[in-house]
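Bear in mind these aren't lab numbers, they're just calculated from the coordinates by the rules spelled out. Owing to the predicted nature of the structure, the values given are computational and were not obtained by experimental measurement. Reconstructed Cβ throughout: ideal geometry from the backbone, glycine too, with neighbour counts over all protein chains shown.
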Amino acid sequence: MNAFNVLEKIEENGFEAYIVGGYVRDYLLGINSGDVDICTNARVKELLDIFSEYNVSSNEYGAVKLISNDSRIDITTYRRDLKYNGSRRRVEIEYVDNLLDDINRRDFTMNTLCMNKKGNIIDVLNGREDIANKVIRCVGNINDRLNEDPLRMLRAVRFATTLNFRIENNLYRELKRNRKLIDQLSRERIKEELNKILTSKNALNGLKMMRDLGFLEFVGIDFNDNLVYVSDICGMYSQLILKKEFPFSKEEKDNIKIVKNILDYGIIDENIVFTYGLYASLVAGSIMGVEREYITNLEKNLPIKRIKDIAVTSDEICLILNIKPSKIIHIVYDDLKELILKKKLDNDNNSIRKYLVDNKRKWLNERPGYEVVNC
């Protein structure tokens, strides 16, 4: 079931329904969008009855979600938003029967366009003209809109970045004046918007815009103008100076830290690819301007992929060096790894044993004292 089928089905049951917001905006811009928002004068219970045979659910904010094929369709009843909290969750709304009331609650004129089941566009606030002129203009009183929902401040920058639009002068001035409102937002919502800015090829301009608006302090980041756009979000965060905590997953934290380590190291070599893996090496390489093919060839031609691939056991090392299991074992393995990766030592047992015999004093003389541990 596509969006137009949904509109028709709602109308068949005696209600109004329109596609609204980002989908219509993107349609005019020639951008494909898999997510569709529909507004209607039908209430949630009526919508659940109408689509009872489909994969449908509702949430506490009165939105019905319909999952169909590769599309996600959100259906909401016409409403007037009365109160917000810092995470942009509406804590008080009023259902209304008038489409115009619903349109007037939205953030920017470009997001107020509606489309009926015939594909005709309804434009009551000149949103189509603003899209044509690539201008982001606030709906209604700017100060009221920003105080109702401070996330609109970051959304303005996000849209300006991703769509390459210009923020209208009055709105830009109020964004700068109200910048402290960003402190009211949850870190989760800030990260969500920042992610969308950073994944845009226009990310650097978006960051510069936030700097000019005075947003960086409240978002909790800083950056250098030599930042390089990469498609990987962890690669982008690894180039930022993070001044506040962000709700990263453990995987995101690890990846950001690893890419930073590689950037600090300054080159991509066999040791980096071995130590940090292909993914992080490719991300860091794209920032550093290292050819992808060069890095993949490094990984492909590694003589060992992990320490366990080294062709000597810890027991053999202990026997040859005449030592008990100790931290020296790990030092020896690191030394062997370096030599094998640089192809200065063959990874076969005989060659390694000979190297250990010939160089045993290298470890024992330099480290006369060591703690006994398990190998």
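I need the GluC sites (Glu not before Pro) found in the range 202-302, filtered to DSSP loop residues with at most 15 other beta carbons within 10 Å of theirs.
Sparse-neighbourhood loop GluC sites (Glu not before Pro): 245, 291.
Is there a pair in 305/360; 45/118; 324/360 whose C-alpha atoms are over 23 Å apart, and which pairs would that be?
Table pairs above 23 Å Cα-Cα are 305/360; 45/118.
How big is the dipole moment of the chain about its Cα centre under a simple scheme where the beta carbon of each Lys and Arg is +1, that of each Asp and Glu is -1, and everything else is neutral? Debye, nearest 20, please.
1180 debye
If R₀ is 30 angstrom, what is the calculated FRET efficiency for the pair residue 249 and residue 29, using the beta carbon separation as r and rounding to 0.05?
0.40
Which of the GluC sites (Glu not before Pro) found in the range 6-53 are in a DSSP loop and have at most 12 neighbouring Cβ atoms, other than their own, within 10 Å?
Within the range 6-53, the qualifying GluC sites (Glu not before Pro) (loop, at most 12 other Cβ atoms within 10 Å) are 53.
Under a plain spin-label model, where a point goes 7 Å from the Cα along Cα-to-Cβ, how far apart in nm are residue 211 and residue 9?
5.0 nm
Assuming a viscosity of 1.306 mPa s and a temperature of 10 °C, what translational diffusion coefficient in µm² per second does Stokes-Einstein assign to the range 274-375, Rh being the Kirkwood radius over Cα pairs?
105 µm²/s
Using only the Cα atoms of the chain, each taken as one equal point scatterer with no solvent, compute I(q) by the Debye sum, divide by I(0), and report log10 of the ratio at q = 0.08 Å⁻¹.
Listed by q, the Debye log ratios stand at -0.60.
Estimate the FRET efficiency between residue 92 and residue 124 by the formula 1/(1 + (r/R0)^6), using the beta-carbon distance for r and 22 Å for R0, to the nearest 0.05.
0.30
Would you mind computing, in nm to one decimal, how far apart the modelled labels at residue 186 and residue 261 are, each placed 7 Å from Cα along Cα→Cβ?
Here the modelled spin labels are 3.2 nm apart.
Can you list the residues, at least 5 places off or on another chain, whose amide H is less than 5 Å from the amide H of residue 79, using H built in the peptide plane?
When sequence neighbours closer than 5 places are left aside, the close amide H contacts are 96, 102.
How do 171, 319 rank when sorted from fewest to most other Cβ atoms within 10 Å of their own Cβ?
Lowest count first: 319, 171.
What relative contact order, as a whole-number percentage, does the chain give when Cα pairs under 8 Å and 6 or more residues apart are counted?
On the way: 551 pairs, mean separation 32.7, N = 375.
Computed value for the chain: 9 percent relative contact order.
Sort 290, 6, 259 so that the residue with the fewest other Cβ atoms within 10 Å of its own Cβ comes first and the one with the most comes last.
On the way: 290 16, 6 25, 259 28.
Sorted ascending by nearby Cβ count, the order is 290, 6, 259.
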